[in-house]
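Here the structure comes first, spelled out in structure tokens, and everything after it is commentary.
The values are calculated or read from the model by the stated rules, or taken from the named source; none is laboratory data. All values derive from a computational prediction rather than experimental measurement. Backbone-built Cβ (ideal geometry, glycine too); neighbour counts: all protein chains shown. Side chains are part of the model used for accessible areas, which takes the heavy atoms of the whole protein and leaves out ligands, DNA and RNA. Shrake-Rupley method; radii C 1.70, N 1.55, O 1.52, S 1.80 Å.
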Amino acid sequence: MPDKAHDVDGKTQSIFSDRNFILFLVGQCITTQGLWIQKIAMSWLAWSLTGSAFWTGAIAALNFAPAFFLGPIFGVMADRVDLRRTAMLINLGQAGVSFLLMGLSYADMMTLPWMVVLAGSMGILGSAMTPVRLSLVPVIVRREFMSRAVAYAAMNFNISRLVGPAIGGVVIATWGTGVAFMINALSYLPMIFVISVVTIHMERASDAKSRRIWASLVDGARYALHHPMIRSVLALSCFVSLVGTGMIELMPVFAEAVYERGVTGLGMMASAGGIGAVASTFMLSRVKSKPEDFQRITVIGAFFAAIGMFGLGFSPWYELAVGLVALTGFGLTAVGVGSQTALQLTVENRLRGRVMSFWSATSFGGMALGGTLLGAISEAGNIQYTARGSGVLILCAACVGLWRLHKIGALGRGVAVTSDGSQ
């Protein structure tokens, strides 16, 4: 079975026999359900308050923009701090912001400035949590299970992406956004408990705390830029996030302005993207733990995303659009999870927090910037024209990625890259 490996005695073991991983997976499942419920609530509330594609994209972007600017700094800190304590504190902070969102919604005091401040706060906390979370999985499972652990964690996230928006749409339509924010706030509590009880084995570099933050950041950047695979994977995932995932952030505009389906239609489109994402992560969970295989998957995923996005720009029917969003979700997830797994299997453990923070900065930062720019473009024109342009740009990036894959495959044989970037 793909989720099994042999231990030192030759016995077959499954990743699902690992207590640490099961606890982490369950805690993540609960938290991400709440996260997607809140995400759709914030998108819908932004659209309801403003009726603006620009502000809908901007509010969504604020959930991710801090990762671009602060992610690398938080990555350095993730290589230094106590992962358990830091993860618990960040989860408490996220719960607090969600409770504040709930209170403002119940009091009918929500305004655009409040949304900007609180979305930015969630973005800062999320950008701090991402390198910590990405550093946790590899230190609670064995290396031979790492690709499956990353894939199953991503599948868990995307199942939540499938179920959460549908639940969120019903919750918002029935009880309002206040209940949606309350559900998310409560969902952080189980994860805090899980983090407090799992066993964490963390290796530290001897100079992890003695070196200056800037010097540590430069070391991580040099390593990433001089490693052909890491450099190529980061570039592709960043660009696809910019023009692909950024476009997905504007689904409320498609649901209401293009197809006139309201919040339930938005939930259906978001869930369709989740179906594609789940199918993609299921496929990824069957791939062996070889970084080269996952790098190829990122390129293939870009081609699928390009087809789905380009088709969405022409679709006259809501039902067809739902199917194209599913195809786009499949491709975007292949790029995102494939690139993450390729990096996790390649990077040295002592540099993991820094390098993975570059991935989160380029992926989430690209999503944030893309959502804002594409929202502004759509505000001035037709959002379906914007989707067509996004599809063409992703197709161009996929072609470049295919060329780079061939070039790196030709040049990378027998090349070893050290932690200081030398060959």
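Applying the selection to the range 172-186, what residues are assigned to a helix (DSSP H, G or I) and open to solvent by 10 Å² or more (accessible area, probe 1.4 Å)?
Residues satisfying the conditions are 172, 173, 174, 175, 177, 179, 182, 183, 186.
In the range 83-139, which residues are touching a helix residue (DSSP H, G or I) at 6+ places or on another chain (Cβ under 7 Å), over 29 Å from residue 47 (Cβ atoms) and among the aliphatic types (A, V, I, L, M)?
83, 87, 88, 92, 132, 134, 136, 137 - these are the residues of the range 83-139 that are touching a helix residue (DSSP H, G or I) at 6+ places or on another chain (Cβ under 7 Å), over 29 Å from residue 47 (Cβ atoms) and among the aliphatic types (A, V, I, L, M).
Given the conditions (1) farther than 30 Å from residue 42 by Cβ; (2) of a type outside the set (Asp, Glu); (3) surrounded by 16 or more Cβ atoms within 10 Å (Cβ to Cβ); (4) modelled with pLDDT of 75 or more, report the number of the one that residue 146 does not fulfil.
All conditions pass for residue 146, except number (4).
Consider the range 26-46. How many of its residues are over 16 Å from the mean Cα position of the chain (by Cα) and open to solvent by less than 40 Å² (accessible area, probe 1.4 Å)?
6
Considering only the range 232-251, I want to know if a residue exists there that is in contact with a Lys or Arg (Cβ under 9 Å, 6 or more places away or on another chain), under 16 Å from residue 363 (Cα atoms), touching a residue at least 24 places away in the same chain (Cβ under 8 Å) and buried (at least 24 other Cβ atoms within 10 Å of the Cβ).
Yes - at least one qualifying residue is present in the range 232-251.
Counting only residues that are part of a helix (DSSP H, G or I) and buried (at least 24 other Cβ atoms within 10 Å of the Cβ), how many does the range 77-89 have?
So the answer is 2.
What pairs come up if the first residue lies in the range 92-116 and is modelled with pLDDT under 90, the second is part of a helix (DSSP H, G or I) and of a type outside the set (A, V, I, L, M, F, W, C), and their beta carbons are under 8 Å apart, counting only those six or more places apart or on different chains?
Listed pairs, sorted by first residue: 105/177; 105/178; 106/178; 110/177; 112/50.
I'm told residue 376 meets every condition in (1) in contact with a Phe, Trp or Tyr (Cβ under 7 Å, 6 or more places away or on another chain); (2) modelled with pLDDT of 80 or more except one. Can you identify the failing condition by its number?
(2)
Output the residues belonging to the range 101-116 that are surrounded by fewer than 21 Cβ atoms within 10 Å (Cβ to Cβ), assigned to a helix (DSSP H, G or I) and touching a Leu at 6+ places or on another chain (Cβ under 9 Å).
104, 105, 112, 114, 116
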